[in-house]
Every structure is written in C-alpha cells, then in structure tokens.
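Starting off with a structure, shown below.
What follows draws every value from the coordinates through simple rules; no lab data is involved. These numbers come from a predicted model, not from an experiment. Glycine also receives a Cβ, built like all others from the backbone with ideal geometry; neighbour counts cover every protein chain displayed.
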Amino acid sequence: MASSDLAFVFPGQGSQTVGMGKDFCDQFTIAKRVFAEADDALGFSVSQLCFAGPEADLKLTENTQPAILTMSVAALRVLESETDLRPALVAGHSLGEYSALVAAGALSFGDAVRIVRERGRLMQQAVPAGEGAMAVILGLDMDAVRQLCLDASDHDLVAPANYNGGGQIVIAGAKNAVVRAMALAKERGAKRALDLPVSAPFHCQLMGPAAEGLKQVLQNVTVKPFAVGVVTNVEAEINRDSQRVKELLVDQAVRPVRWEESVNKIFQSGCQRAIEIGPGKVLKGLIKRIAPALETENFETPADLARMKAA
C-alpha cells in the first residue's frame, strides 16, 4: 500500500558512474533480470557498460540514457521487493521522468529503455557537434535569467533549460548566444556562470528535430493506466492521464525542466519524504535547497537498504 507522505524521484543525465548497479546485480536476482531485459531489448550489453565502462562510452548520450534508466529501475525493483515502501507520487529529472513512468506502471521497462536509447541518439543528432552549448547560472532568479537570455539571443537561440532550484538555472542554445548570456549574467550579478560539458543543448527549441523523431518513436508504444501520479517536467503538475503521456514527453524535449516547481508540488501535495532512486545524489542536494522540510534520502547501493528498512 502506498504511503501518502512518500515520493520516489529519479535522476537524469550526468549521474552515471562506471560500476553502477553491479552490487545490486551481484546480490539480487530481480536486479539481474532488469539488466538482462535491457541487454535483450537493446541488442547490446548495457549491463557491461554500466559495470565496466569504458567511461567515454558510458558518457555518450545514446548510452547514458538507457544506462541510467536501467540502473534506476533495477534499484527500484530491489526496493520494492525488499521493503514495503510505496510512493504516493513519483517524478524524475529529464531522462528520470521515463524511470518515473516505469515506476508508475505507465510504461513497460522494455519500451522505456528502447525509447530512451533512441531519444539519446535523436538529441545527439539534432544539433551538429560544437554548435550548441549549455551553461549553469548561479544566483539569479527565473525572471532575470529569462531576460538575459532574451538580451543575449541576437538571432541565435538561448533559453532556460532547467529550473533546478536553489538559485541554479541551466541555459541552453547556440554556442555563441550561450557565451554572450554567460558574460551578461556575470555583469548582472550572477555568483557564477559555468559552461557545462554536454554534447548537445537539451531542453530548448533547437531540439525540435529530436522532438519530431521522438513523436514517431512513441507512436506505437502502449501507455498503461497509472498506479500513482507523475509530477511532469513540462507542467510541474500531477498527471494521472495515460492519454497525455506521449505529448508531454515530446514537449519535454524542447521545453525547460521545471524541477524547482515540481519539488514544491510534491511537498504541497502532502509528501514529507522523498527517496532518490538510482545513481548519485544530485536530486537529494537540489531538494534540500528547494524544500528543506522535505526529508530526502538516496538509494543507490544495497548498503542503503538497512536505512530504508529502518525508516
């Protein structure tokens, strides 16, 4: 039975590390099955990539996305099988929204892992290498960042891509426009403006070709009824309508991730506790800054199980 005050959240790209998921696989048959299913669905050994790398291959967007999804779902299945913890709501950051949809029962894992492999490939191809960029702006509010993006555009696109919360906003767009926006941010009092080492400008209108391709990929996918609501990146609202999933996922490719508002929505909905499931602690850190009263933990190795069972 779901706990009315518990949310599960799932990380996005950038949380990957070589070796992730191996402990789960070694200790739990249910996790081993998840990795085997991913290998079968993709036709190559994503498990080997997760466990042994090489890191350069794991960092490629088309590999990173299915790898993080697989690790997150393996961790989820272990948590479900070893504890009574069940969420009232789920959410995920960018790619993590696909993990959340698997957790909600809306997407099958096999479909999800195939979709995100293709999503990664489409995003990588949407903008030629070197022409796009992303940067993180620290210490300016949403309105200030929107305005500096407008002022820096000058025929090239730059726009907010992730409203991460805690004074952290990521921008994305054409390389020249991002560089201009970073300089403007510093002039306008940003604490820092840092270039991000990413392979494409995610979550902006330059991802239009990827969104079109994703629409085709999703066409024949079955979306099932939700077991729990999903707080979506695009709207930062709770969706329980399986009919809306595809359009929201297509929009997600070209629109900003509204993570700060999503976390606030989780908290306002009555959740007192959030567990980040999958590699890393990025979301745990963001949630602490956005909603300090929301108790946060992460679950990424079997060693974390004792803590989960005690709670």
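Averaged across orientations, what area in nm² does the convex hull of the alpha carbons in segment 132-198 project?
So the Cα hull casts an average projection of 3.6 nm².
Using a cut-off of 11 Å between beta-carbons, work out the net charge of the residues near G167 (Lys and Arg +1, Asp and Glu -1, G167 not included).
Net of charged neighbours comes to +1.
Further question on the same structure: For A227 and A183, what does the FRET efficiency come to when R0 = 41 Å and r is the distance between their Cβ atoms, rounded to the nearest 0.05?
Plugging the Cβ-Cβ distance into 1/(1 + (r/R0)^6) gives 0.30.
Here's a follow-up. Report the residue, chosen from G19, G189, G278, that carries the largest GNM mean-square fluctuation when the chain is represented by alpha-carbon nodes joined by springs under 10 Å.
Comparing G19, G189, G278 in a Gaussian network model of the chain, the most mobile one is G189.
For D141 paired with E237, estimate the spin-label separation in nm (one decimal), with each label point 7 Å from Cα along the Cα-to-Cβ line.
Going from the D141 label point to the E237 one covers 2.4 nm.
Ok, one more. Could you pull the Rg and Dmax for the chain, using just the Cα atoms, both in Å?
18.5, 56
Stretched out fully, how many nm does the piece from K309 to T83 gain, at 0.36 nm a residue minus the Cα gap?
80.7 nm
Next question, about the same structure. Within segment 13-35, which residues have the backbone N less than 14 Å from the label spot 7 Å out from T301 along Cα→beta-carbon, could you tell me?
17-27
Per DSSP H run of n ≥ 4, the term is -39500 (n - 2.57); total these for the chain, divide by its residue number, and report the mean residue ellipticity at 222 nm rounded to 500 deg cm²/dmol.
Mean residue ellipticity, 222 nm, calculated: -14500 deg cm²/dmol.
Run the simple label-point estimate for A52 and K281 please: 7 Å along Cα→C-beta, distance reported in nm.
Inter-label distance under the simple model: 3.0 nm.
Moving on to the next point. Would you mind calculating the relative contact order of the chain from Cα pairs under 8 angstrom and at least 6 residues apart, reporting the percent as a whole number?
Worked out over the chain, it gives 23 percent.
Using the alpha-carbon atoms, what tilt in degrees (0 to 90, nearest 10) does helix 245-254 show relative to the longest principal axis of the chain?
40
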